[in-house]
Each structure stands twice: as structure tokens, then as C-alpha cells.
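Encoded as C-alpha cells, the structure appears first; notes follow it.
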Amino acid sequence: MSSSSATATTLLFSTDHHVPLSPSPTIPKSFTRLCKPFHSGVPTSIHFHCARPSFFVRATVIKWRCPKQTLPPKDTVFKEKVIPPNDTGFEEKVLYLESIGIDSFSLIENHPMLITASLADIKSTVEYITSMDFSAIEFQRIVGMCPEILTTKVSDIIPVFTFLHREVHVKGSDIKRVINRRPRLIVCSVNNRLRPTLYFLQSIGIEEVSKHTDLLSCSVEDKFLPRIDYFENIGFSRDDATSMFRRFPQLFCCSIKNNLEPKYNYFVVEMGRDLKELKEFPQYFSFSLENRIKPRHKQCVELGVCFTLPVLLKTSEVTFRNRLDLCVNSSTPLETSPLWCTGFHVD
């Protein structure tokens with residue numbers, strides 16, 4: 001353990017008195033081989049003989065690990081139960097979280113509800129999720145992306161997994177992949193968020209929602225409808241706009257301001273192309289404007305070549321250049337040639 005880590009541990013667990021601290025929490029078996037630099041030196045059982053840390057000591061440690069955290073006056077902190085006075089439960093939670101490789105103070109700074117959460121509930125949640133074959137590293141990543149998971153009770157998590165399996169038809173073998181891709185699903189309400197979103201996606205014709213589970217945690221009113229409305233406002237009919245999202249559901253994840261608007265403006269103003277092409281190839285919005293769309297379009301303009309959007313954007317760099325060379329260096333077929341019907345139009 002580094003000197004700074006040792007200093008933090010000393011601050012947290014040492015005072016001038018010597019009163020036994022409550023027993024150390026046990027560590028899940030799946031975490032005993034964890035090798036995280038800061039926590040690699042934490043043994044599976046620790047016994048300290050010291051008094052409960054005072055408010056001053058606790059505040060010092062939080063400031064050391066979370067320099068941005070601003071602590072209110074002592075009486076205010078106690079009154080609001082942000083850091084309860086003489087509460088060994090707080091120290092136990094810190095020790096438990098650190099023991100399973102989680103930077104507890106950084107997590108508490110981003111999700112203060114951990115301070116008042118029950119250690120028993122946190123343990124149950126950790127044990128339940130890790131029992132589904134999530135590795136220690138996977139669990140750390142999941143919690144890092146969505147710390148609210150630690151304060152979500154198992155009784156609220158089980159309905160989510162049941163919903164994914166029975167209603168979304170996610171195979172049991174794919175549950176891990178789904179959660180790793182979108183951890184926030186675990187903390188979403190089935191009745192208030194997941195099921196309404198599922199029904200909406202199905203209503204616009206997306207049948208295999210199991211392939212787009214990351215969309216289930218999104219709000220229909222706040223995220224989906226504004227994007228459909230945007231395409232209506234720029235000239236698409238409601239049916240055409242809906243068709244685009246049915247063809248390419250990930251379009252729902254595109255930012256209107258940072259993605260849709262600049263790419264649409266370039267498509268219309270600089271490329272001068274027809275909206276029908278966007279309807280048939282909505283994947284256009286998934287490509288980088290600066291790194292893919294602009295450079296390739298400019299090359300085509302310079303050489304007097306026009307490709308369809310799929311050929312322009314989907315092909316690899318080598319294939320794209322080969323097609324350019326073919327169009328530029330090849331002579332036009334004679335009208336009597338079988339290739340005449342293709343001309344320079346590339347599908």
C-alpha cells in the first residue's frame with residue numbers, strides 16, 4: 001500500500017483512545033483475488049483496536065480523498081444525517097467497499113445516499129449481482145458507471161431481470177452482456193420506465209427490442225419524441241421519420257444539437273443531396289462528420305464522382321480509394337457493352 005493510502009487508513013482508524021471497533025465485514029468470495037493498485041494490499045479480514053473516528057477525522061479523510069467535497073458545519077452535518085455522529089456503520093461501509101475494490105469516498109462524493117444506506121442492503125445487492133457471474137472487474141465498472149446500484153435493494157433489482165428475460169426476451173446467457181452495456185437498466189423502474197419504453201419501441205415497429213436493450217432506460221417523452229419531431233420539422237413526414245428510427249433505432253441516442261443538426265446541415269448545404277437518401281440510409285448520422293463524411297465527400301467532389309451514401313461511408317478506406325481510382329481511371333463503356341447500363345453509377 002502506498003504511503004498516501006497508509007496515511008488515509010491511519011487517519012480513519014486511529015484516535016487517542018482504544019475501544020474495539022465492530023467486526024470487519026466479510027468480503028464476497030468473487031472479490032478475494034481482486035488486484036486493484038490502491039486496494040491490492042487490503043486483506044480479507046482486518047482487526048483494528050481503536051475508538052470510533054471523530055467528526056474531525058472523518059471530515060479530514062473525506063477531504064483527502066474528495067478535495068471537491070465541501071462539508072457543512074459539524075452541527076449541520078449531524079442534523080441532516082450526512083455523516084452521523086459516532087456511527088460505526090459508516091466506517092464499516094467504508095471498509096467493506098474498499099475491501100471489494102471500490103473507491104468508497106469518491107463514490108460517496110458522487111452518490112451521497114451511500115452514507116445513509118444500510119450496509120446489509122449493500123451487501124445483499126453486491127452478493128446478488130456477483131452471483132450472476134459478474135467478475136470483480138465487471139462489477140467495479142458497473143458501479144463506477146451507475147453508483148445508484150449499490151443503494152438499490154435486491155427486491156427492486158429482481159423485477160428488472162425478470163422483465164428483461166420474460167418480456168424483452170433476452171436470453172439468460174445474454175443478461176451479462178446487456179447489463180455490462182447499460183448498467184443503468186438495473187436501477188430503472190419496470191412500471192414507470194422500462195415497460196412504457198418497450199411498448200413505444202414495439203408500437204413503431206421495432207420487434208426485436210432485445211437487440212436494442214440500451215434504449216429501454218431512456219425516456220419516451222424526453223428523448224424519443226423530440227427526435228422524431230426534429231425530423232418532421234426538417235421536412236420528413238411522420239411516417240417517414242418513424243421509418244428512419246425503425247431502420248436504425250440507435251438514431252434515438254444521437255444528440256440533436258451536436259449530431260443531427262450539423263450533419264443534416266452539411267448534407268443539405270454542402271452535399272446538396274435529396275432527403276430520400278437519408279430516409280433510406282439513416283445510418284448516415286452515425287458516421288463522424290469531420291473524420292469520415294467531410295473528407296470523403298470532398299475527395300468525390302474533387303474527382304467528379306458521386307457515390308451512394310452506403311458506398312461513400314460504409315466501405316473501408318482501402319475499398320473507398322480503390323473505387324475512386326476505378327471511376328477516375330476507367331473509360332466509359334460503349335453503348336454496346338454489357339456494362340453500359342452501370343456507367344459510372346456505383347451501387
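The values are calculated or read from the model by the stated rules, or taken from the named source; none is laboratory data. Owing to the predicted nature of the structure, the values given are computational and were not obtained by experimental measurement. Please note: Cβ atoms are built from the backbone with ideal geometry, for glycine as well, and neighbour counts cover all protein chains shown.
How many residues are out of contact with any Asp or Glu (no Cβ under 8 Å at 6 or more places or on another chain), closer than 12 Å to Ile186 by Cα and in a helix (DSSP H, G or I) when one looks only at the range 129-153?
Residues in the range 129-153 being out of contact with any Asp or Glu (no Cβ under 8 Å at 6 or more places or on another chain), closer than 12 Å to Ile186 by Cα and in a helix (DSSP H, G or I): 8 in total.
Please identify the pairs in which a residue from the range 234-247 that is over 22 Å from Glu208 (Cβ atoms) has its Cβ atom under 8 Å from the Cβ atom of a residue that is outside any helix (DSSP H, G or I), counting only partners at least 6 apart or on another chain.
Note: no pairs meet the criteria.
Just the residues that are closer than 17 Å to Leu275 by Cβ and assigned to a helix (DSSP H, G or I), please, taken from the range 306-326.
Leu309, Pro310, Leu312, Leu313
Would you please name the residue that is nearest to Glu92 (Cα to Cα), looking only at residues in the range 104-122 that are in contact (Cβ under 8 Å) with a residue 40 or more places away in the chain and assigned to a helix (DSSP H, G or I)?
Leu119
Any residue at all in the range 68-84 that's within 30 Å of Thr162 (Cβ to Cβ), surrounded by fewer than 17 Cβ atoms within 10 Å (Cβ to Cβ), modelled with pLDDT under 90 and not aromatic (Phe, Trp, Tyr)?
Checked the range 68-84: no residue is within 30 Å of Thr162 (Cβ to Cβ), surrounded by fewer than 17 Cβ atoms within 10 Å (Cβ to Cβ), modelled with pLDDT under 90 and not aromatic (Phe, Trp, Tyr).
For the range 154-182, what are the residues that are in contact (Cβ under 8 Å) with a residue 40 or more places away in the chain and either part of a helix (DSSP H, G or I) or basic (Lys, Arg) (or both)?
Leu164, Ile175, Lys176, Ile179, Asn180
Output the number of residues of the range 258-283 satisfying the condition of being surrounded by fewer than 15 Cβ atoms within 10 Å (Cβ to Cβ) and under 20 Å from the mean Cα position of the chain (by Cα).
Number satisfying all stated conditions: 1.
Could you check, for the range 195-210, whether at least one of its residues is loosely packed, with under 12 Cβ neighbours inside 10 Å and among the β-branched types (Val, Ile, Thr)?
No: zero hits.
Return the only residue of Gln202, Gln250 being within 24 Å of the chain's Cα centre (by Cα) and closer than 27 Å to Val269 by Cβ.
The conditions single out Gln250.
Assess whether Arg292 counts as being surrounded by 16 or more Cβ atoms within 10 Å (Cβ to Cβ), within 30 Å of Val187 (Cβ to Cβ), outside the structural domain of Pro183 (by TED's automatic domain parsing) and modelled with pLDDT of 95 or more.
Answer is no for this residue.
Considering only the range 156-170, state which residues are under 16 Å from Phe134 (Cα atoms) and exposed (fewer than 14 other Cβ atoms within 10 Å of the Cβ).
Scanning the range 156-170 gives a single hit, Ile158.
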